[in-house]
There are 2 protein chains.
Amino acid sequence: METFPITFLPDNVTIEAEVGETVQDVANRGKIHINASCGGEGVCGRCVIELREGTVQANPGLYLSDDDFSKGIRLACRAKIDGPATLFIPLESRADSSFFKKASQAEEILTVENPDPMVRQSCLILEPPSPDDNRSDLDRVSASLAELGLYDNDIDLSAMRTMPSVLRESDFKVTVSIFYELPLHKPETPPFGRIVAFDASTSDDNYYGLAVDVGTTSVWVRLVNLATGEVMPSVGDLNGQISFGEDVISRIVYAGRKDGLKRLQMRVIDTINRLLERYEDSFPGYRKKTFLMAVAGNTTMSHLLVGLEPKNIRLSPYVPPASTWPSVRASFLGLNVEPHTVMKVFPSVSSYVGGDIVAGVLAAGLFRRQELTLFIDVGTNGEIVIGNEDWMTCAACSAGPAFEGGGVRCGMRAAPGAIESFLYEPENKRHHLGVIGGVSPSGICGSGLINVVAELFRGGVLSKQGKFVENSSPQVREGTDGFEYLLSPAEASAGDHDIVITEIDIENLIRAKGAMFSGYQTLIESVGLEMGDLEKVIIAGGFGRSLNIENAITIGLLPFLPVDRFSYIGNSSLTGATLAALSGTMWRTAFEVKEKMTNFELSDTPGYMDRYIASQFIPHTDAALFGL
Amino acid sequence: METFPITFLPDNVTIEAEVGETVQDVANRGKIHINASCGGEGVCGRCVIELREGTVQANPGLYLSDDDFSKGIRLACRAKIDGPATLFIPLESRADSSFFKKASQAEEILTVENPDPMVRQSCLILEPPSPDDNRSDLDRVSASLAELGLYDNDIDLSAMRTMPSVLRESDFKVTVSIFYELPLHKPETPPFGRIVAFDASTSDDNYYGLAVDVGTTSVWVRLVNLATGEVMPSVGDLNGQISFGEDVISRIVYAGRKDGLKRLQMRVIDTINRLLERYEDSFPGYRKKTFLMAVAGNTTMSHLLVGLEPKNIRLSPYVPPASTWPSVRASFLGLNVEPHTVMKVFPSVSSYVGGDIVAGVLAAGLFRRQELTLFIDVGTNGEIVIGNEDWMTCAACSAGPAFEGGGVRCGMRAAPGAIESFLYEPENKRHHLGVIGGVSPSGICGSGLINVVAELFRGGVLSKQGKFVENSSPQVREGTDGFEYLLSPAEASAGDHDIVITEIDIENLIRAKGAMFSGYQTLIESVGLEMGDLEKVIIAGGFGRSLNIENAITIGLLPFLPVDRFSYIGNSSLTGATLAALSGTMWRTAFEVKEKMTNFELSDTPGYMDRYIASQFIPHTDAALFGL
């Protein structure tokens, strides 16, 4: 097979590529990131690259204008190698992960008192064997555990093989680590104790667990001390799968390709492995003493992590293969931990209400609140839980990518360069921008979009229908996609082009917020209650504190309630995973939460479509719902 | 490194060997069997070979006469490669395994009704998913199991990965295999159910287990049908470890060498794998449907099988690393079965009362007998159990190899060519021989030795002290080791030399029988009873029916009791393993048996040495014990 050198700029990395390979595949092989929202299907136009030298085989297709094409713009997922080439990956096609470094420093450090983790370490001071007491080593250990109220039902062969020498090296003073396996079903079954390690030392009482949040976009890991309950700052990074598509549907499609599932699995494993490495500086060798990894992810992420074919998740009637997960040795999946580290994955409720939400509800304590509470995770796949200690209902709504800056002309993730805050002065028709990182703006993120739309609506620049009011502002102009508002001209921007918000962008946002709002409306009315009955609204997920509550109410994303009923919970999935790592009781509770939640498939629920249509205004057709 | 071709006759196999390797090591590499009773320590002289051409580096040492040495006789464990050579392995250095083929045909076929194995298969006819019922595949399966009174606490990842496609291929009619893990300790803990396989077929209700008896000398495997309880004929072969030494002590010594443990483990795994292959003709593909392997072996064999360093077994105070064993996937150890096959190893009582005896006691039903019963397994390591449903005591006694033909000038195993039966006519001072396989005799086996000594004692040829009575028989003559009795002259024998029994052979036999007898005497007196109180004697082990009870009483090996109190149980270790494969209840009972047995270390028990010394006569110093 003939190969050619392909050089990627600005990294200046050259990779030998075969004729016929796509540029995206070549970049993937070289671990060079190019965005691919649609998973390489050629339909999102997010993977633009510039051909600087040489040649690739391509045609303009649907997403490129002839003008762009003539300037050398190509789609990485469609362009095929047919000779040597030098390709430039522009900023908008590259993910920015600097955000993660900053975020992990900003986090506050918690300590949980009296942890009761699924793995327990116990220091044993054993009577050495004698002619009067020549029980086997293992019987001696078991008897000593029994005196402490502990027990072992089984033992890892690897632990057993080290046992005789560890006992004798340490003069029969050893630390035994026992994993108490909690059953998937039959919660009344007592945990099944399994010795997973012997250690000669009895002096150091630190041992660790890991909490992991596997998000579609980003992955977060947090080290916790199971002995003391101390919680370390988390570390995060983009999920390496993002090169294969930005949303779960593109990942599921990609998993159906040859070796697709294996590749996706390896990508997320690689991501976690890189994050694990980051703790080595502060906690050298911590992995030898790490026995547990509690992982929360949405249903698709959980399938991809353990390597389970996810295709039925997206096929009607949306039946996921699994919603509970076996105990797996994390090293078996390729995670760079010791063989004694057991991985527990949070149970899911349904195809689109996953373990991340179960973990979130656990973190929010929803299952033990008396107030009627709405828990929401706003995103491409928005999840909603309504309930209290007595009952819970949940649903997922497919909001589309607008909240994450997708389907928006100048949309981008909440990374440096994103316009996040926006103030409009109606009196002099001027605006002020706030940009993440304080740099020149290069686009607008989801929370920025909400703020812009709310301000322009209040300022009379946008109508209830989401259209620009004629002559309302000098920034409004007619563009290629109809009317648009100029946020930042090219000369003030990083990306060398005007940053605008178009009527199509606003339509997408209205669709997204309407999907969420009609979702909670459906759930709450299905139990015979009204929006006003909500005593508490907990906002989880990527938005976090960057979501301006008042603006979100203004556009009709959040219900019209006093602002003091709202609270933020941050990365509740990671917090839930942290609690489960520290506490077997919490892990059991996660299963109770799963069992308690009644899932609604909104698309099959009578009334949802009507409510959705009624929501396609700012803030809503029924203005009374918003006190107007 | 320089290498030379070494050819082994009579197989005519040539192996390239490095300078300095021992002939034994070269033969091992080529899987050519040469006996090595001492494990290659150069002290048993059992591995003689003849140098036919070329050269090896060696000196006569302790075991070879100068005459033999000059004829080219060498010890394989001492001779080192220093050039090309052709070596002949004589009959006496080769093990004969033809016995095993015959034995497996002779066995009777049992059927156990209503098996309750640790693994259960269940055919599920599931309602396919629909919009009204979109539970995950696994939740659907679990709910259906619960309706049948079954349950799953966990699932193998490999089973989970096949689940979605198996369910859909089979139209949601599947067979689920669940392994119910019984805990090592805390028997009141309910079994932990783990789904290990999904199968699309629901029509065939056969699934299998394997019972394995790993003996120091031989290995037996038996296939059982877990659905019907049918028990197939067993297959057996020499334990491949035998090239590294004939008794457990030599194996433990060998395990301490570099890679010794690994090699021993691989040898027994190879042996079992060859035996597994033998069922393929009658049960093609049976391994796909085999879920359980119940293994009984003595304490050392169990350690070597799972790869656990056994050295402390032979060091005072004789503490074995383990006496219970984890559940292991048999394939993980290299056994040629599917990953879903779980291996359970019988618990041991002590370093020298192993899982084979626990299995034997299970097979003999000792734990539920009302009669006071003596259970004995006569061998190099003789095991004794005395008790009934209320109590059990046990001990091991180091009888030495005489019962297996070891330490006996013309001794051999009970294989074709071994003199087994013997009749002496005192009136005309002639004898008649019975030889296994009806061929020319080549040696004498353990049961033959007992018969010869008993007959010669009764015939007045041997004294109470085990010495030949002067002029008592024309066959008595003075040989190189003192007086001896000529059983078969060279011209009538296969091995080209006279077959004799010497006074030293008889001393070895008296030591061996005395060790056993004083063993039961000690146990029974320790509980305040007498030999005459024994209501039942069950004889297990290699001897089987070839042991002549009256002769064994005559020489003082068995206690002086009416013959109708004795019975044979054959390979009770394999029978016990078979019961455990078929029945989880039996497996639990094995643990009760282990817990119930009080172990005596005879060497530490007051009175044992005195009783042993008193036993060093035919039949005993205290003739009254034998009704004389």
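Just how far, in whole angstrom, is segment A:575-592 from segment B:496-543 if you go by their alpha carbon centroids? First find each Cα centre; the distance between them is then 62 Å.
Taking other Cβ atoms within 10 Å as a rough exposure proxy, A:His497, A:His432, A:His33 sort from fewest to most as A:His432, A:His497, A:His33.
Which entries in A:Lys513/A:Lys594; A:Lys464/A:Lys513; A:Lys289/A:Lys594 show an alpha-carbon gap greater than 19 Å? A:Lys513/A:Lys594; A:Lys289/A:Lys594, as the Cα separations exceed 19 Å there.
Remark: relative contact order (segment B:376-441) = 21 percent; criterion is Cα-Cα distance under 8 angstrom and separation of 6 or more residues. Kindly express, to the nearest 10 degrees and within the range 0 to 90, the angle between helix A:503-526's C-alpha long axis and the longest C-alpha principal axis of chain A. The two axes meet at around 50 degrees.
Note on A:Gln370 and A:Lys31: the model spin-label points, each 7 Å out from Cα along the C-beta direction, lie 5.4 nm apart. Relative contact order of segment B:361-628, taken over Cα pairs closer than 8 Å and 6 or more residues apart, is 23 percent.
The Kirkwood radius of segment A:552-607, taken over pairs of alpha-carbon atoms, gives through the Stokes-Einstein law at 25 °C and 0.890 mPa s a diffusion coefficient of 168 µm² s⁻¹.
Closest approach to the axis carrying A onto B, counted by Cβ on chain A and given in whole Å with its residue, is A:Phe192, 2.
Counting pairs of alpha carbon atoms under 8 Å apart in space and at least six apart in sequence, what relative contact order in percent does chain B give? Contact order relative to length: 12 percent. The Cα-based radius of gyration and maximum Cα-Cα distance (Dmax) for segment A:95-345 are 20.4, 69 Å.
3J(HN,Hα) along segment A:572-581: 5, 5, 5, 5, x, 5, 5, 4, 5, 5 Hz, from the Karplus curve 6.51 cos²θ - 1.76 cosθ + 1.60 with θ = phi - 60°, whole Hz, x for Gly and Pro. In units of 2.2 N^0.38 Å, what is the alpha-carbon radius of gyration of segment A:462-511? Relative to the rule-of-thumb radius for its length, segment A:462-511 sits at 1.16.
Annotation: amide H of B:Val469 within the under-5 Å range of B:Leu462, B:Ser463, sequence separation 5 or more or interchain, hydrogens built in the peptide plane.
Hull volume per residue, based on the alpha-carbon atoms of segment A:502-576 and their convex hull, is 109 Å³. Any idea how far apart A:Glu470 and A:Glu277 come out in nm if each label point goes 7 Å out from Cα toward Cβ? About 6.1 nm, to one decimal. Peptide B:311-324 has a mean of 6 when you count, residue by residue, the C-beta atoms of other protein chains within 10 Å of its C-beta. Selection among B:Cys394, A:Asn508, B:Ala296 by position relative to the dipole of the protein assembly as shown gives A:Asn508 as farthest towards the positive end (Cβ unit charges, Cα centre). So, in Å, what gap is there between the alpha-carbon centers of segment B:605-628 and segment B:444-495? So the two Cα centres are separated by 23 Å.
Over all pairs of different C-alpha atoms, chain A has a mean inverse distance whose reciprocal, the Kirkwood radius, equals 26.4 Å. Among the residues of A:129-137, the average count of other protein chain beta-carbon atoms within 10 Å of the residue beta-carbon is 6. P(r) tail for segment A:285-340: Cα pairs beyond 16 Å make up 48% of the total. Residue by residue along B:301-308, Cβ atoms of other protein chains within 10 Å of the local Cβ number 2 on average.
For the pair B:Asp11 and B:Arg565 in one chain, pulling the backbone fully straight at 0.36 nm per residue adds 194.6 nm over the alpha carbon distance. With the label put 7 angstrom out from Cα along the Cα-to-Cβ vector, B:Ser165 ends up 4.2 nm from the copy partners, going from closest to farthest. Peptides A:224-234, B:562-572, B:350-360 ranked from most to least packed, by the mean per-residue count of other Cβ atoms within 10 Å: B:350-360, A:224-234, B:562-572.
Using a 7 Å projection from Cα along Cα-to-Cβ, the label point at A:Lys311 is separated from the same position in the remaining copies by 5.6 nm, smallest value first. Give the shape of segment B:489-622 as rounded, prolate or oblate, defined through the alpha-carbon gyration tensor: a ≥ b ≥ c are the square roots of its eigenvalues, a/c under 1.5 means rounded, and otherwise the shape is prolate if a/b is larger than b/c and oblate if not. Note, shape of segment B:489-622 comes out oblate.
Globularity index of the protein assembly as shown is 1.18 (Cα radius of gyration / 2.2 N^0.38 Å, N = number of residues). In this structure, B:Arg545 and B:Asn388 have a Cβ-Cβ separation that, at R0 = 25 Å, corresponds to a calculated FRET efficiency of about 0.50. For a straight C-alpha distance cut-off of 13 angstrom, the aspartates and glutamates reachable from B:Lys467 (same-chain residues fewer than eight places away being disregarded) are B:Glu478, B:Asp481, B:Glu484, B:Glu503, B:Asp505, B:Glu507. This ranking places B:Arg135, A:Arg194 by how few other beta-carbon atoms lie within 10 Å of each, fewest first, which gives B:Arg135, A:Arg194.
Starting at 0 and stepping by 10 Å, how many percent of the alpha carbon pairs of segment B:361-628 end up in each bin? Each 10 Å bin holds this share of Cα pairs: 7, 30, 33, 20, 9, 2, 0. Measuring label to label, 7 Å along Cα→Cβ, what does B:Val527 give against each other copy in nm, shortest first? List, nearest first: 6.6 nm. Model label sites at A:Leu529 and B:Ser201, defined 7 Å from Cα along the beta-carbon direction, differ in position by 5.4 nm.
Packing, as the average of other Cβ atoms within 10 Å across residues, places the peptides A:471-478, B:405-412 in the order B:405-412, A:471-478, highest first.
With a cut-off of 17 Å on the backbone N, the residues of segment A:374-416 near the modelled label site 7 Å out from A:Glu595 along Cα-Cβ are A:389-393. Converting the Cα gyration tensor eigenvalues of segment A:140-269 into ellipsoid dimensions via √(5λ) gives semi-axes, longest first, of 39, 18, 16 Å. In order along segment B:72-87, phi translates into HN-Hα couplings of x, 6, 9, 9, 4, 7, 9, 6, 10, 5, 9, x, x, 7, 10, 10 Hz, rounded to whole numbers, per the Karplus curve 6.51 cos²θ - 1.76 cosθ + 1.60 with θ = phi - 60° and x for Gly and Pro.
The aspartates and glutamates whose alpha-carbon is closer than 12 Å to the alpha-carbon of A:Lys596, local same-chain residues fewer than 8 away aside, are A:Glu389, A:Asp390. The aspartates and glutamates within cross-link reach of B:Lys258, meaning a Cα-to-Cα straight distance under 16 Å and a gap of 8 or more places when in the same chain, are B:Glu21, B:Asp25, B:Glu41, B:Glu309. As a ratio to 2.2 N^0.38 Å, the alpha-carbon radius of gyration for segment B:209-355 is 1.02.
The P(r) of segment A:252-323 has a tail past 20 Å containing 42 percent of all C-alpha pairs. The Stokes-Einstein estimate for segment A:425-483, based on a Kirkwood radius over Cα pairs and taken at 25 °C with 0.890 mPa s viscosity, is a diffusion coefficient of 194 µm²/s.
Throughout, read-outs are computed from the coordinates displayed, never taken from laboratory work. On a predicted model such as this, the values are computed, not experimentally measured, just so you know. For neighbour counting, all protein chains shown are included, and Cβ atoms are generated from backbone atoms with ideal geometry for every residue, glycine included.
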